[in-house]
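To start, the structure under review is shown below, and the notes come after it.
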Amino acid sequence: MADYWWDVIDPIQSVLDGMMFGSIYALIGIGFTLIFGVMHKINLAYAAASIGGAYASLVAFQILSAPALVVFLCAAAASGVIGYIVYICCFRFIPEHLPLATLMASVGMLILIDEVVVHATAGMPEPYPAMFDDVMIDISPFWIRGDLLMIFALSVVAMLILLYVLYRTRLGIATRAVAQQPSAAQLCGIGQQQTNAVTFVITGALGGLAGAMVGASVGILSPLLALPLTVKGLVVTVIGGLGSIPGAIVAGILVGGFENVFQYFRGVTERDIYVMLLLFVFLTFRPQGLFGRISTRD
Amino acid sequence: MDFYYGMAQLIGVHTLLGLSAYVVLLTGQVSMAQAGFFAIGAYLGGMLTVLAGLHIVPAMLLAAVASALVATVVGFPALRVKGLMLVVATLAFGEAVRIFWFNFDYQIAKGNIQVGPLGGEGFKQIRYFPENGWSTADVAIFIWAWVIAAMVALWWMDRSRVGSVLRAVGEDELAAQSVGINLTAVKVSAMGIGGFIAGLGGAIYAHYTTHIEHLNFGVVLATFAIAYPILGGLSSVIGVLLAVIFIQGFLVEVLRFMGDWRNLLFGALIVLAMNVRPDGLFDARATRALKRLLGGRDA
């Protein structure tokens, strides 16, 4: 009985670690979901912009040697700016009835952001600051890594702020109105373009924080992080249900725990296959996602 | 001269990849799985010539049929979802295929060396062309024979009733359904045709590079696959070819002198192109102009 118990501890430990890391996926998923909700378009450059923002915050870390929390906030701010640039370059001027064109433009932007980063850093991974990375909390029989707990806490705070903005401010009402019915929102005097732009800035900031969290938990930043983060973010978005913020949060944590436990059992090379299988299970049995509604409009 | 033959081979293979995405895009589905079908064709084609000792043509056809079958199977669940969901589902499928080959070992001894796919190290020694004394020019001509066959077949399909049916589904599913078009059949066949062409392209690709590994078939290749028809404007197969020449010929080769800056410019030019010509570089109006230029009547 005692031996059996010890076999269970390690998997549970990896699920816990994964769930805390999954809060990053949740942030990225929220970004995709929000932009989809407001514009009904995919911004494939989103995760790249998040990593780009984290890179920009390295300036604060390397030159000003600012404390980690300030670096994280700089990443969010920088990513917000990048989000606005992405909106102007890929969404603002392309006619709305051509979704393929915006999709392609955002792919171009993804390549561009990645290449700017490669160019600026000569393709070398850069060290990134973390908080509480020397702390290990002992809740026997488990350990909780301090930096992961910090990431989890920061993500939760960011999500709470986002939910406050969306549900308690005029800006949030405008955003939700445009998401619900763009022309009706315009008739009420809500500028569609401004709302879209603001959504891109808000999601950009959220993504920048996620990018910084990735850097903080892995310890380094690399442009190679952008594509896997894009794929995971999209998977989370679909599992959670398109346009659903609670769905993205739950799905992000679910995917994080799921992938880490499979990494424990099957190794890092195989783990993503099981994440994709999880996605297919959802697409087959629950195509609307965890919290999504079956869309009747369109 | 070999450089130009090499160019022609690359453009030929990428045209096949673009054509495979073109068929699927006509029905309004954005499939990011084309790189996955391409990978299936590449690995199976290589295994059939290297491990089973087949001639290249039957090996290619068998690999293409296998890709088409997989594509058809993927097509069915893909019908349940649309738009972003479909992009993600196909993207995930493509990645799953890539990771499958990453973990796939199947080696046999041939002479005194081990041949066959070996996980992360890839599949080396696909030496059908050198072993049978094909020159670079022969390979280029061989590839272009397939490309032209595929383009003519799709051109003809576009002009026939089949093309209209595909485009009808792409324009408006509800309207297409209301005139009695079977959406399931159309979409699944488009996926199947796309899978077949991607499989052909992959099988040739494996043989002319002689070494493939899972990293060749990632998200980047998948985005290239849909970039060609979208940049090409989805109005005819010529657009796909022109987009491949624009990207692989102009953006990759002509701008080579710019060194590191080339990749930067690459992304920026795609963004610019989609802003200036959101319908694609070679849209329906350009197709009509070309037809007039060639003396044909307006379609």
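Nothing in this text is a laboratory measurement; each read-out follows from the coordinates by a stated rule. Predicted model, so just to flag it, every value in this text is computed and none were measured. Note: ideal-geometry Cβ built from the backbone for every residue, glycine included; neighbour counts use all protein chains shown.
Using a Förster radius of 22 Å, what is the FRET efficiency between residue B:289 and residue A:97 based on their Cβ-Cβ separation? Nearest 0.05, please.
On the way: r = 23 Å, r/R0 = 1.04.
Working from the Cβ atoms, E equals 0.45.
Calculated from DSSP H runs of 4 or more alone, at -39500 (n - 2.57) each and per residue, what is the 222 nm mean residue ellipticity of chain A, nearest 500?
On the way: 11 runs with 217 residues, N = 298.
About -25000 deg cm²/dmol.
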Exercise for the section: Please report, in cubic angstrom per residue, the volume enclosed by the convex hull of the alpha-carbon atoms of the stretch A:158-268. Expected result: 115
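Against the empirical 2.2 N^0.38 Å scaling, what ratio does the C-alpha Rg of the stretch B:2-218 come to? Intermediate values should be presented prior to the final figure.
On the way: Rg = 17.9 Å, N = 217, 2.2 N^0.38 = 17.0 Å.
That works out to 1.05 for the stretch B:2-218.
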Handout entry: Mean Cβ count within 10 Å, highest first, over the residues of peptides A:108-115, A:200-207
Key = A:200-207, A:108-115
Handout entry: Residue among B:70, B:117, B:3 farthest towards the positive dipole end of the stretch B:1-125, charges placed on Cβ
Key = B:70
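How much net charge surrounds residue A:137 when only other residues with a Cβ under 14 Å from its Cβ are counted (Lys, Arg +1; Asp, Glu -1)?
Working: positive: A:145; negative: A:17, A:133, A:134, A:138, A:147.
Surrounding charge for residue A:137 is -4.
To the nearest 500 deg cm²/dmol, what mean residue ellipticity at 222 nm is calculated for chain B from DSSP H runs of n ≥ 4 alone, each contributing -39,500 (n - 2.57), summed and divided by the residues? It would help to have the intermediate numbers written out before the result.
Numbers: 13 runs with 205 residues, N = 299.
Result for chain B, helices only: -22500 deg cm²/dmol.
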Problem - Relative contact order of chain B, defined on C-alpha pairs under 8 angstrom at six or more residues apart (%) - result: 33
Practice task
Evaluate peptide B:274-285: per residue, the Cβ atoms of other protein chains within 10 Å of its Cβ; return the mean as an integer.
Solution key: 4
Fill in the blank from the handout: The simple spin-label model distance between residue B:174 and residue B:155, using points 7 Å out along Cα→Cβ, in nm, is 3.8
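For chain A, what is the relative contact order in percent, using Cα pairs closer than 8 Å and at least 6 residues apart in sequence?
Working: 496 pairs, mean separation 105.8, N = 298.
Taking the mean separation of contacting Cα pairs over the length of chain A, I get 35 percent.
Work out which trypsin sites (Lys or Arg not before Pro) in chain A are exposed loop sites (DSSP not H, G, I, E or B, at most 13 other Cβ within 10 Å) and give the longest gap free of them. List each step's numbers first, then the result.
On the way: sites that count: A:293, A:297.
Excluding the exposed sites themselves, the longest stretch runs over A:1-292.
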Exercise for the section: At a Cα cut-off below 19 Å, give the lysines reachable from residue B:187, other chains included and same-chain residues fewer than 8 away excluded. Expected result: B:82
Exercise for the section: Sequence neighbours fewer than 8 away in the same chain don't count; with that in mind, list the aspartates and glutamates whose C-alpha is under 19 Å from residue A:232. Expected result: A:17, A:114, A:259, A:270, A:272, B:95
Problem - Principal axis box of the protein assembly as shown, alpha-carbon based, largest edge first, Å - result: 69, 68, 51
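Counting Lys and Arg as +1 and Asp and Glu as -1, what is the net charge of the other residues whose Cβ lies under 15 Å from the Cβ of residue B:134?
Numbers: positive: B:127; negative: B:2, B:131, B:138.
Neighbourhood net charge equals -2.
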Exercise for the section: Whole Å is fine, so just give me how far the alpha carbon centre of the stretch A:225-298 lies from that of the stretch B:126-196. Expected result: 32
Completion exercise
When all Cα-Cα pair distances of the stretch A:6-51 are considered, the percent exceeding 15 Å is 56
